[in-house]
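Notes follow once the structure below has been shown.
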Amino acid sequence: MPRKFLRRISRQYRQNEQAWYLRPFAPMLRHPMYFAVNRRSVSGALAIGVSISMLPFPGHMMLAVLCGLLAGVNLGVAALATWLNSPLTMVPVFYFEYRLGALLLGLPSQDWPDEVSWEWLQAQLSLLWRPLFLGGLITAGLTAVVVYFGTNLLWRWSSARRLRRRRQRPRS
């Protein structure tokens with residue numbers, strides 16, 4: 001895992017700890033887990049950030065940081081993980097979530113026009129929000145589980161590989 005990179009970012013935060021914009025949050029940000037680089041903190045942060053990025057509403061980064069504060073995970077990783085679902089992939093992901101929600105609710109799914117305009121979206125919002133939100137919740141939950149356990153598995157594999165290599169090195 002990118003432990004050195006995360007430690008360097010954490011070290012830069014510690015140097016900027018006395019910045020004026022961080023003073024109101026200083027007591028809260030002194031918690032050691034908020035910038036810890038360990039398997040539990042990073043995998044939890046990735047799961048939170050990625051799952052929130054799948055939800056169909058704005059303010060992903062702020063919500064990820066708030067959830068990270070409540071869960072006691074790495075805040076930087078949680079905020080950065082929200083960008084997994086980038087503006088380029090957001091439309092196909094939300095379309096999939098809408099179709100999934102419509103299927104589960106038993107609603108006939110409407111075909112979207114070739115070009116989605118703001119006027120069309122405002123007119124259709126009353127029909128689209130329930131299936132879109134249900135599909136988003138299901139996708140977010142499944143993504144969180146897969147990312148959490150996948151990160152844990154990858155972290156353990158990487159640690160075991162590093163330990164094997166260290167043991168195989170000739171001792172002088």
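The values are calculated or read from the model by the stated rules, or taken from the named source; none is laboratory data. Predicted model, so just to flag it, every value in this text is computed and none were measured. For neighbour counting, all protein chains shown are included, and Cβ atoms are generated from backbone atoms with ideal geometry for every residue, glycine included.
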Inset, instruction - Output the number of the condition that residue 78 fails; it satisfies all remaining conditions of (1) under 26 Å from residue 41 (Cα atoms); (2) surrounded by fewer than 15 Cβ atoms within 10 Å (Cβ to Cβ). - result: (2)
Inset, instruction - Any chance you could count how many residues in the range 44-75 are surrounded by fewer than 17 Cβ atoms within 10 Å (Cβ to Cβ) and of a type outside the set (A, V, I, L, M)? - result: 4
Inset, instruction - From 149, 94, grab the single residue that is in a helix (DSSP H, G or I), at pLDDT below 90 and aromatic (Phe, Trp, Tyr). - result: 94
Inset, instruction - Within the range 60-69, work out how many residues are over 16 Å from residue 144 (Cα atoms) and free of Cβ contacts under 8 Å to residues at least 24 places away in the same chain. - result: 2
Legend entry - Candidates 83, 118, 129, filtered to the one that is closer than 20 Å to residue 51 by Cβ and free of Cβ contacts under 8 Å to residues at least 24 places away in the same chain: 129
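Yes/no matrix, rows are residues, columns are (1) of a type in the set (A, V, I, L, M, F, W, C); (2) within 15 Å of the chain's Cα centre (by Cα):
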position	(1), (2)
41	no, yes
44	no, yes
71	yes, yes
78	yes, yes
100	yes, no
Legend entry - Residue pairs meeting the criteria (Cβ under 9 Å; at least 6 apart or on separate chains; first closer than 21 Å to residue 88 by Cα and in contact (Cβ under 8 Å) with a residue 12 or more places away in the chain, in the range 38-58; second assigned to a loop (DSSP other than H, G, I, E, B) and of a type in the set (Ser, Thr, Tyr)): 53/86
